[in-house]
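Data block below; observations after.
The values are calculated or read from the model by the stated rules, or taken from the named source; none is laboratory data. Worth saying up front: this structure is predicted, and the values here are computed from it rather than measured. Virtual Cβ from ideal backbone geometry, glycine too; neighbours counted across all protein chains shown.
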């Protein structure tokens, strides 16, 4: 049976990011394998050719994620197709409370960046192949994992070899992880009884690097700045949280009806909404695994926690988890410990527990806070939002939390 130090099951954005981080942080003799079931595009000699697509789905990268990707040497490649978030306008529909968060107030070039998933995936895959340390098995899947005294015996389907032995198996195959279920790792689920409707929108006026987070009685609505594309000079990514029936209606209704409904909810901060791209909707569920490590096994990314999309915290939390795991594994291997040793993995989980708890609670409670109809609570919300503009330390703490810096810097103390 072939031996590996780390096998990553799942070659999405989190899995590839983890593979690149491990390749940078772990000793040169460490054997790392990435297993992905969907056929990946063939390798290219130069940086992948890419052109923004009006309909492309996207991800918001926080400032902490920028710092992580910079540390991995990936930022120069990613920068090519990033749209910076220079300001964030937070408001509550029908109420006076609002605040404007500015990157310049903190000496940052941007509060975050929006990247099309297709570009992020292509760039990460290109970097992985150029790096050369990570073995890529594709298409292949880990279909069974059996604990052993020295790690985990793995059964694969697809590309040979069909069996491996890993000191550490990282389960990173998504929120609906079949491997996590087969291992008997329980995930706590909470349905929000809402859907997220996503699409890209063309607007009459330029976003000027501003992201909008607008809270309504139906749920939060976010418009994130995107780069221009052919024929659409002003483009933003919409994430609109809605009751299921309304989401499904807006998913299927004519474009002019959809734009009118969105305009009525969002207002005219970007002028008239001119066109909408392909619409998608999915039910919102909070999933979280209390047990994220066992001897020889770690559960990461959406397989470990899938969050409400408000404030775009999910992937950024996954990157902080990745960074923490790599630091803990590197420190353990420097002392002669196996990457799959339970004591090492428990250090990782202890280190990330507070970050995960704070981020999940923030994403979970914020929408409910703004949907509550109590007039006194509404007044308190408005005063709190307005107060951020008057109390600099409070505003700085809020921005540091949203940017993920609080967690990243606490981990290094």
| field | Filter result for the condition that a residue is touching a strand residue (DSSP E or B) at 6+ places or on another chain (Cβ under 7 Å), within 26 Å of residue 20 (Cα to Cα) and in a strand (DSSP E or B), over 197, 223, 154 | value | 154
| remark: Filtering the stretch 160-179 down to residues that are in contact with a strand residue (DSSP E or B) (Cβ under 7 Å, 6 or more places away or on another chain), outside any loop (DSSP other than H, G, I, E, B) and either closer than 13 Å to residue 144 by Cβ or at pLDDT below 95 (or both) yields 163, 164, 165, 166, 169, 171, 179
| request: Restrict the check to the stretch 288-311 and report whether at least one residue is under 21 Å from residue 201 (Cα atoms), touching a strand residue (DSSP E or B) at 6+ places or on another chain (Cβ under 6 Å) and at pLDDT below 95. | output: yes
| residue 27 being surrounded by fewer than 23 Cβ atoms within 10 Å (Cβ to Cβ) and modelled with pLDDT of 95 or more | yes
| Taking the stretch 109-138 as the search range and keeping residues that are touching a residue at least 40 places away in the same chain (Cβ under 8 Å), under 24 Å from the mean Cα position of the chain (by Cα) and part of a loop (DSSP other than H, G, I, E, B), which one is surrounded by the fewest Cβ atoms within 10 Å (Cβ to Cβ)? | 138
| query | Quick check, is residue 101 in a helix (DSSP H, G or I), in contact (Cβ under 8 Å) with a residue 60 or more places away in the chain, buried (at least 19 other Cβ atoms within 10 Å of the Cβ) and in contact with a helix residue (DSSP H, G or I) (Cβ under 6 Å, 6 or more places away or on another chain)? | reply | no
| note | Counting only residues in the stretch 34-70 that are free of Cβ contacts under 8 Å to residues at least 12 places away in the same chain and over 20 Å from the mean Cα position of the chain (by Cα), the one farthest from residue 116 (Cα to Cα) is identified as 45
| said: Let me confirm something: among 91, 83, which residue is touching a residue at least 40 places away in the same chain (Cβ under 8 Å), closer than 30 Å to residue 197 by Cβ and under 20 Å from the mean Cα position of the chain (by Cα)? | reply: 83
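A quick yes/no check of all residues on (1) at pLDDT 95 or above; (2) under 20 Å from residue 123 (Cα atoms); (3) in contact with a helix residue (DSSP H, G or I) (Cβ under 7 Å, 6 or more places away or on another chain):
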residue: 4; (1), (2), (3): yes, no, no
residue: 9; (1), (2), (3): yes, yes, yes
residue: 16; (1), (2), (3): yes, yes, yes
residue: 22; (1), (2), (3): yes, yes, yes
residue: 48; (1), (2), (3): no, yes, yes
residue: 75; (1), (2), (3): yes, yes, yes
residue: 110; (1), (2), (3): no, no, yes
| field | Output for the stretch 226-238, where each listed residue is surrounded by fewer than 18 Cβ atoms within 10 Å (Cβ to Cβ) and either over 21 Å from residue 79 (Cβ atoms) or over 24 Å from the mean Cα position of the chain (by Cα) (or both) | value | 230, 231, 233
| query | Taking the stretch 245-269, which residues are more than 16 Å from residue 216 (Cβ to Cβ) and within 26 Å of the chain's Cα centre (by Cα)? | reply | 248, 251
